[in-house]
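The values are calculated or read from the model by the stated rules, or taken from the named source; none is laboratory data. Quick caveat, the model's predicted, so the values are computed rather than measured. Cβ atoms come from the backbone with ideal geometry, glycine included; neighbour counts cover every protein chain shown. Just so you know, the surface numbers come from the protein's heavy atoms only, side chains and all, with ligands and any DNA or RNA stripped out. Shrake-Rupley method; radii C 1.70, N 1.55, O 1.52, S 1.80 Å.
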Amino acid sequence: MKINKRIWLAIILLASINIFAQENTSEKKIGIHLYVNPNVGKDDSDGTKDKPIKSLPEAAKRVNKMIGEGTIEVYLSSGTYGLSETAAFNPVNWKFSKKDRLIIRAEILPDSTVWNPSKMPIIISTMPFNLEINDKKEVTGGSNYGILIETSHVTIQGLRILGEPVHEKPSEGALVRNYPIVWDGKNLRDLRITQCLFLGNKFALPNHLGILASGKELEVDHCVFYGVKDAVVMWNTPADQCTMHHNLILNSYGAVVWTWSTMEDFKFYNNVISGANVLWVLEKEAKNAYTIQNSMLVGYNKLVNKGGGPQDFGIPADPKKLKYNSDFKIKKAGSLAVEEDQTSRYYLQLKPGTLGTAYNAGLFYKVK
């Protein structure tokens with residue numbers, strides 16, 4: 001039986017389209033969206049926008065079970081997320097890359113036209129501590145982790161991150177502390193924390209250390225640290241290609257940045273600091289020197305120390321270990337104008353048009 005040429009052409013065309021579609025499908029990477037809402041979510045729900053889950057630890061458990069590659073985005077609605085356990089993200093059977101990331105973010109971000117400070121998801125730890133107890137059954141210390149990241153190529157964006165309501169010093173020599181964001185594991189690379197507000201009070205809600213990082217290519221930008229003991233500590237792993245830029249650090253009663261394991265290529269620029277106990281803590285031997293560019297420091301106790309740990313901030317270091325030119329503005333005493341009106345878009349940031357705003361440090365990428 002003869003087949004019309006037109007039919008043959010149609011068959012060949014359909015076959016070609018089918019092969020093309022199969023090739024595209026095999027190359028296409030999966031994109032996963034997981035929604036979390038502490039107000040209306042349920043931890044046995046699907047995790048869709050219409051049926052969100054309730055808690056961040058449950059979101060971590062779901063991510064950890066996934067197999068594949070591509071972007072995974074965890075969207076957090078506004079509300080309060082009480083962490084009764086660590087939200088540990090460790091998806092060992094999922095492949096991320098620079099482009100295809102694990103993204104843990106607020107549903108509404110600061111540069112959105114509908115954003116205001118009340119829209120930020122609030123993360124607060126309420127979990128027990130792993131206590132250290134001596135032979136006399138006295139507490140000598142203890143710690144816990146809020147959000148634990150154990151993988152590479154991660155972005156955390158747009159969250160309001162508190163400490164934990166705890167008595168940090170239960171006795172002489174003891175220190176109990178919460179670490180809200182911890183990045184820890186082997187051969188980790190590429191963590192970005194951006195547009196987050198770290199907020200604490202050393203008496204009622206101590207935020208001991210905003211970011212504890214052990215990995216390469218750490219980027220912390222456009223964050224606000226207000227009343228936090230220590231802002232960023234880089235430790236344990238030799239870390240190159242790390243940056244801190246466009247951050248606002250206010251009333252830090254510990255040390256702003258610890259470069260215990262950071263290489264000299266660390267870039268620190270367009271940061272504004274006020275009311276700092278210690279600006280910088282170096283490793284014990286203080287081998288590396290670091291460059292500060294286009295930043296401002298107003299009001300501080302010490303400029304640079306070395307050594308230190310959870311209960312102290314080291315001893316004075318060679319000031320030449322911090323290199324800077326005239327574009328780093330330093331004033332030993334003084335303060336900046338901070339917006340305390342909770343209805344303002346600039347709540348807990350610099351008041352528009354005041355000293356320090358020219359550096360564009362704060363939550364917004366686009367200054368209005």
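Descriptive notes on the structure:
- Summarising the amide proton neighbourhood of Gly275: residues at separation of 5 or more, or on other chains, whose placed amide H is nearer than 5 Å comprise Asn251, Val298, Gly299.
- On the chain, 52 percent of the accessible area sits on carbon and sulfur atoms, based on a 1.4 Å probe.
- Alpha carbon centroid spacing (whole Å) that separates the range 30-75 from the range 265-309: 38
- In terms of its C-alpha gyration tensor, the range 95-182 comes out oblate, because a/c is 1.5 or above while a/b does not outweigh b/c.
- Beta bridges assigned by DSSP with both partners in the chain are antiparallel in approximately 10 percent of cases.
- Acute angle (nearest 10 degrees) that the helix 5-27 long axis makes with the longest principal axis of the chain, alpha-carbon atoms: 20
- Alpha carbon centroid spacing (whole Å) that separates the range 132-186 from the range 216-236: 15
- Counting DSSP beta bridges with both ends in the range 60-192, the antiparallel % (nearest 5): 10
- Convex hull volume per residue in cubic angstrom - Cα atoms of the range 254-305: 66
- Size descriptor, Kirkwood hydrodynamic radius, that averages inverse alpha-carbon separations across the range 55-204, Å: 16.6
- Shape category assigned to the range 36-90 from the gyration tensor of Cα positions, a/c cut at 1.5: oblate
- Surface analysis of the range 120-218 yields an accessible area of 40 Å² per residue, using protein heavy atoms and a 1.4 Å probe.
- The chain - mean residue ellipticity at 222 nm from DSSP helices (-39,500 (n - 2.57) per run, n ≥ 4, rounded to 500): -3000 deg cm²/dmol
- Rounded to whole Hz, the Karplus (6.51, -1.76, 1.60) HN-Hα couplings of the range 314-320, x for glycine and proline: x, 10, x, 10, 4, x, 6
- In the range 238-282, the convex hull through the Cα atoms has an average projected area of 3.0 nm², a quarter of its surface area.
- Taking every Cα-Cα distance in the range 158-287 and sorting them into 10 Å bins starting at zero, the pair-distance distribution P(r) comes out as 13, 45, 34, 7, 0 percent.
- In the range 91-139, the GluC sites (Glu not before Pro) that fall in loop regions by DSSP, at most 16 other Cβ within 10 Å: Glu138
- Remark: accessible surface ordering of Asp100, Asp43, Asp230 (largest first) is Asp43, Asp100, Asp230, probe radius 1.4 Å.
- Scanning residues 5 or more positions from Gly308 or on other chains, those with amide H under 5 Å from its amide H are Gly314, Ile315, with H placed 1.01 Å from N in the peptide plane.
- Amide H within-cut-off set for Lys302, under 5 Å, with H built and near neighbours excluded: Val278, Leu279
- Across Asn294, Asn130, Asn90, mean-square fluctuation computed from a Gaussian network of the chain (C-alpha pairs under 10 Å connected) peaks at Asn130.
- Counting Cα-Cα pairs of the chain in 20 Å increments starting at 0 gives whole-percent bin shares of 27, 53, 14, 5, 1.
- Probe 1.4 Å - accessible area at Lys366, Å² to nearest ten: 140
- With θ taken as phi - 60° and the Karplus curve 6.51 cos²θ - 1.76 cosθ + 1.60 applied, the whole-hertz 3J(HN,Hα) list for the range 146-162 is x, 9, 10, 9, 10, 9, 9, 6, 10, 10, 10, 9, x, 9, 9, 10, 9 Hz, x standing for glycine and proline.
- Surface accessible to a 1.4 Å probe, Leu209 within the full protein complex, Å²: 10
- Loop-located GluC sites (Glu not before Pro) across the range 213-312 with a Cβ neighbour count of 13 or fewer within 10 Å are Glu264, Glu285, with loop assigned by DSSP.
- In order along the range 334-350, the phi-based Karplus estimate (6.51 cos²θ - 1.76 cosθ + 1.60, θ = phi - 60°) of 3J(HN,Hα) comes to x, 8, 10, 8, 9, 6, 9, 6, 5, 8, 7, 4, 9, 3, 6, 10, 5 Hz; Gly and Pro are listed as x.
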